[in-house]
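What follows is one structure encoded as structure tokens, with my remarks underneath.
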Amino acid sequence: MSEFLKKAESWNEKLKITTQMVKDIPPDTILTNGWDKKKLYVHLFGWDNEIIKYAKELRQGKPFNIILEETIDVYNQRFFDENEGLDFAASEKQFLQKRDHLLSVCEEILTKYPQNNKEFVGFFFLWKHDVHHLQQTGANVSDLEE
């Protein structure tokens with residue numbers, strides 16, 4: 001197994017851990033950036049959905065290469081606007097469903113479409129995004145950092 005594939009598998013396992021950690025954040029938590037947990041859920045499942053779109057390219061053997069059409073802030077605002085009517089329970093459900101889908105896509109790519117390049121590993125980097133937001137809640141994530 002290539003070093004890159006080992007790293008991707010390791011990062012996929014970290015994504016499972018961070019997913020549970022996000023779920024375990026107390027509902028009344030406010031992040032240092034001012035977001036509540038509902039807004040965090042919307043933000044995360046919005047980006048999960050964007051990343052899932054790239055799986056098609058990986059299945060075709062293309063490298064993972066994010067091309068943003070707008071700034072990150074514009075994407076985030078769109079996610080918030082599109083999901084403004086969701087209550088907390090619905091936002092949590094959406095997060096868990098999208099994350100479960102993302103994890104299954106990751107497993108599929110690891111088993112059926114392995115590639116041996118650095119760009120491929122980037123697809124599995126979302127755990128680091130979770131770590132960033134978990135830090136904003138005050139969670140101890142030192143054992144996850146590399």
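The values are calculated or read from the model by the stated rules, or taken from the named source; none is laboratory data. Remember, it's a predicted structure, so these values are computed and weren't measured experimentally. With ideal geometry, Cβ positions are generated from the backbone for all residues, glycine too; neighbour counts draw on all protein chains shown.
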### Message
Looking at (1) buried (at least 18 other Cβ atoms within 10 Å of the Cβ); (2) part of a helix (DSSP H, G or I), which one does His129 not meet, given that it meets all the others?
### Response
(1)
### Query
Which one of these is touching a helix residue (DSSP H, G or I) at 6+ places or on another chain (Cβ under 7 Å) and assigned to a helix (DSSP H, G or I): Asn33, Asn65, Asn76?
Asn76
### Summary
Of the listed residues (Lys39, Lys62, Lys128, Lys112), the one being more than 20 Å from Leu5 (Cβ to Cβ) and of a type in the set (D, E, K, R) is Lys39
### Task
Please verify whether the range 111-124 includes one or more residues that are crowded, with 19+ Cβ neighbours inside 10 Å and over 14 Å from the mean Cα position of the chain (by Cα).
yes
### Message
Any residue that is surrounded by 13 or more Cβ atoms within 10 Å (Cβ to Cβ) and among the aliphatic types (A, V, I, L, M) - is there at least one of those in the range 69-86?
### Response
yes
#### Entry: Complete set of residues in the range 41-61 that are more than 21 Å from Asp73 (Cβ to Cβ) and in contact (Cβ under 8 Å) with a residue 60 or more places away in the chain
Ala55, Leu58
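Only one of Gly46, Gly34, Gly61 is farther than 21 Å from Glu146 by Cβ, modelled with pLDDT of 95 or more and surrounded by fewer than 16 Cβ atoms within 10 Å (Cβ to Cβ); which?
Selected residue: Gly34, the only one of Gly46, Gly34, Gly61 that is farther than 21 Å from Glu146 by Cβ, modelled with pLDDT of 95 or more and surrounded by fewer than 16 Cβ atoms within 10 Å (Cβ to Cβ).
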### Task
Would you mind stating whether Ile52 is surrounded by 11 or more Cβ atoms within 10 Å (Cβ to Cβ) and either on the phi > 0 side of the Ramachandran plot or part of a helix (DSSP H, G or I) (or both)?
yes
### Query
When you scan the range 79-105, how many residues do you find that are farther than 20 Å from Gly34 by Cβ and either in a helix (DSSP H, G or I) or at pLDDT below 90 (or both)?
14
